[in-house]
Amino acid sequence: MQIPYTIEERPDTGLNNSKLGIWVFLASEVMLFGGLFSAYVFLRMAAPIGDFAYWGSKLSIPMATVNTLVLISSSVTVIMSWASLKMKDFEKYKMYMGLTLLCALIFLVIKYFEYTGKFHHGIYPSSSTFMGIYFTLTGLHGLHIIGGMIVMGYFWLPFGNKMWQSDPERFTNRIEVAGLYWHFVDLVWIFLFPILYLL
Amino acid sequence: MSNDSHHEENFLQKYIFSVDHKVIGLQYGITSLLFLLFGFGLMMVMRWQLAYPETPVPIVGGLLGETGILMPEIYNMLGAMHGTIMIFLGIVPLAVGAFGNYIVPLQIGAPDMAFPKLNAASYWSYFVGGVIMLTSFFMPEGAARSGWTSYPPLSIFETGQTMWLIGMVFLITSSLLGSMNFIVTIVQLRAPGMTWFKLPFFVWAQFVTAFLLVLAFPPLEAAAVLQLMDRVAHTSFFLPSGLVYSGATVDVYGSGSPLLWQHLFWFLAHPEVYVLILPAMGIVGEVIANNTRKPLWGYKSLVYATVFLGFMSFIVWAHHMFLTGMGQAMSAFFQTTTMIISIPSVVILTAFFISLWGASIRFTTPMLFALAFLPMFGIGGLTGLPLGVGASDIHLHDTYYVIGHFHYVVAPGTIFGLFAGIYYWFPKMTGRKMSEALGKLHFWPSLIFMNGIFMPMFIQGLAGVSRRLYDGGQLYAHAQDVLQWNEFMSISAFCLAAAQIPFIINVFVSMFNGEKVDRNPWGATTVEWSAPSPPVPHANFESDVEVYRGPYEYSVPGAEKDFSPQTEK
């Protein structure tokens, strides 16, 4: 049995199934992080004055700045990988997707050093409400990074070659959808960076 | 249809790990009915304790300890798990998972859901969540006992809550995957000619429900993560500074707020109420149109009311929190929105009532359940208004009145709607009709005993009896004049359980020996009835479907039959 509109667009909606699906999924993700961001606002208002700023000053802005740049670069490369597929250049796709995965890995490594640095100084989620929400938000964001890496890694490994050969259009759509998710993960970080590190 | 649809499937592929929406729908249906029965069983143990405090519970007493008496800790556990199981493992999976999965693709003329594998993943995630909830009873600490609402600070300290939270994460994931799938399916897979205003009302109800699930569940997931952090990593998101528990100051950083949980929780849990009721309204709409043999009155206003209801349900959540001291301005806002949201509910109910006017009603079993739904949901809805206004809520908050109110909405309301759906679509699922005699034997006692259970709750609640009393109010001054109702309600509950026996017999007997029927036994117009009974595996219809008519063209003047199917020109 063939489900209609898995690859081609439905004329009256102008969408294929997976693209609508990922947008609906991202809407739910917005609500997930929206809930956590509201919790952040609520907790910040409930905390003693200066408490969040004091604990926030313990975070490393240089590390987070590098991480921001790394994630933004990965958003660019993921687009390039999709564009390469659109231009039927599978080798370039491999390179750009590889770069995306590398950026994601660098992000996680830097995050790992940030986390362990905190633990060395005896700072844990229970140290303060700010640290609690910091570890929760960045931890959940990190899980999203890992999730994205698993999906994109699957498409980057030899499984991707086979999918590309058997159905190039469908494979291109898959990369596009994965890319949309990746942009979202990037966007969450763009919000996390100022509210956790800079405010 | 491509020719790969007829490869042989073994038993596991066909019935267990199937990606066919019909099999998944039935899996959801069977699992959730079993959970409903289990949740009902928990409640009956509690009702025994309320009617005959501190006497050994018959039958299951051996499970509760040596004396067979229900201890307060276990009473709280049963209460929390009754709510959790009924809502998240019983009714939502039955209303959305089972009926949505089985019926929606058929009604829009689609071969399956848009993402069949995701659909199976959604069921298995639900299954794992259910298993976690059940196993939590056998953990050394026992199951959660902080109520289904899991209010902190209690839920941070009480045992059993961690398993509850992990189970909830699976259930939420299941709902998200499922509802995403519904939205894409309804937008993308409508058959040619099936325009938005030709969709049956049931599909609209499921569509709005799916949006509620997609947008309202994630904040609860966020809240569950935060509460898990509070329990496991000893953060204090929900614990204020200087909190004293069991005579000692709690050693956490503090500066958190229990109110934060309530906001995040009710942001889900109010839309959840509409997740519970909308699919049932959808079913009732289908059954009423079919059994009145005339078009559903005000179809478009029903659709607009449903969409508006879905929208409004996101901005009424804090009416559960009038007594938290969140402030007059907030209360005023949420009272206003709560009064506004009652309007679309009334529009829907009124449209159903007017649909009955001047009709030649067929009193089939599904129609009886659908008809009973109307006044029962009416009682449930109208008794909610005093709770939505701050002044009267002060008296009624956390009393049995609240329990009576939402059970009228969900038990004789939603569950009757779901029973109507089971009797109505059983022929489509099996090719056989359920017995009318057993159906009526199921319906009439159920209606009577449902009211026997929940009507006295209003009396007790108005008298001021708190909802969480382990002894049913024996030692509670306000309860002394209304104590005698406890036994009445409990006996009604046991009789209600007995009244379900004809239903269970009916399902099994009719599955094998019911009257065989063709594809359209009820003379219905919607698309699912043009598929064979049961529909073709993995394809639903023998040929491509095209839709020419609105969903409820019954008794069209000049037509040969009293129904004109959507698929006929």
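Any read-out appearing in this document is the output of simple, stated calculations on the displayed coordinates, not a laboratory observation. Worth saying up front: this structure is predicted, and the values here are computed from it rather than measured. Methodologically, a virtual Cβ is constructed for each residue, glycine included, from the backbone with ideal geometry; neighbour enumeration extends over all protein chains shown.
The angle between the Cα long axis of helix B:416-430 and the main principal axis of chain B comes to about 40°, on a 0 to 90 degree scale. Among the residues of A:21-27, the average count of other protein chain beta-carbon atoms within 10 Å of the residue beta-carbon is 6. Listed by chain and number, the lysines placed with their C-alpha closer than 20 angstrom to that of B:Lys294 are B:Lys198, B:Lys561, B:Lys569; residues fewer than eight positions away on the same chain are left out. Diagonalising the gyration tensor over the Cα atoms of the protein assembly as shown and scaling each eigenvalue by 5 before taking the square root yields semi-axes of 42, 38, 23 Å, largest first.
Computing FRET efficiency as 1/(1 + (r/R0)^6) for B:Gln13 and A:Leu198, where r is the C-beta to C-beta distance and R0 is 51 Å, gives about 0.40.
Between segment A:103-154 and segment B:495-558, the alpha-carbon centres lie 52 Å apart.
The value of relative contact order for segment A:18-198, using C-alpha pairs under 8 Å at least six residues apart, is 33 percent. Legend: ranking of residues B:His538, A:His120 from fewest to most surrounding C-beta atoms inside 10 Å; resulting order A:His120, B:His538.
Counted as membrane-span-like here are DSSP H helices of chain A whose alpha-carbon atoms extend 15 Å or more along the helix's own axis and whose Kyte-Doolittle mean is 0.5 or above; these are A:17-46, A:61-86, A:90-120, A:129-156. The convex hull drawn around the Cα atoms of chain B, when projected onto a plane and averaged over every direction, covers 26.6 nm².
Taking only the C-alpha atoms of segment B:145-225, Rg followed by Dmax gives 17.3, 57 Å.
Counting beta carbons within 10 Å around each of B:Thr209, B:Thr336, B:Thr430 and listing the fewest first gives the order B:Thr336, B:Thr430, B:Thr209. Whole-percent P(r), segment B:216-371, all Cα pairs, 10 Å bins from 0: 10, 28, 24, 18, 12, 7, 2. Taking A:Met45, A:Met131, A:Met97 as the candidate residues, the one with maximal mean-square fluctuation in a Gaussian network model of chain A, Cα springs under 10 Å, is A:Met45. Remark: C-alpha extents of segment A:18-198 on the principal axes read 59, 32, 20 Å, sorted largest to smallest. Put in order of Cβ neighbour count within 10 Å, fewest first, the listed residues A:Cys103, B:Cys495 become B:Cys495, A:Cys103. With r as the distance between the Cβ atoms of A:His120 and A:Glu9 and R0 = 41 Å, compute the FRET efficiency 1/(1 + (r/R0)^6) and round to 0.05. E(calc), rounded to 0.05, equals 0.20. Its Cα gyration tensor gives segment B:468-569 an equivalent ellipsoid; the semi-axes, largest first and in whole Å, are 50, 20, 14.
Compute the helix-to-body angle for B:299-312: its Cα long axis versus the longest principal axis of chain B, expressed 0 to 90° and rounded to tens. The two axes meet at around 30 degrees. Using just its DSSP H runs of length 4 or more, each adding -39500 (n - 2.57), chain B gives a mean residue ellipticity at 222 nm of -19000 deg cm²/dmol after division by all residues.
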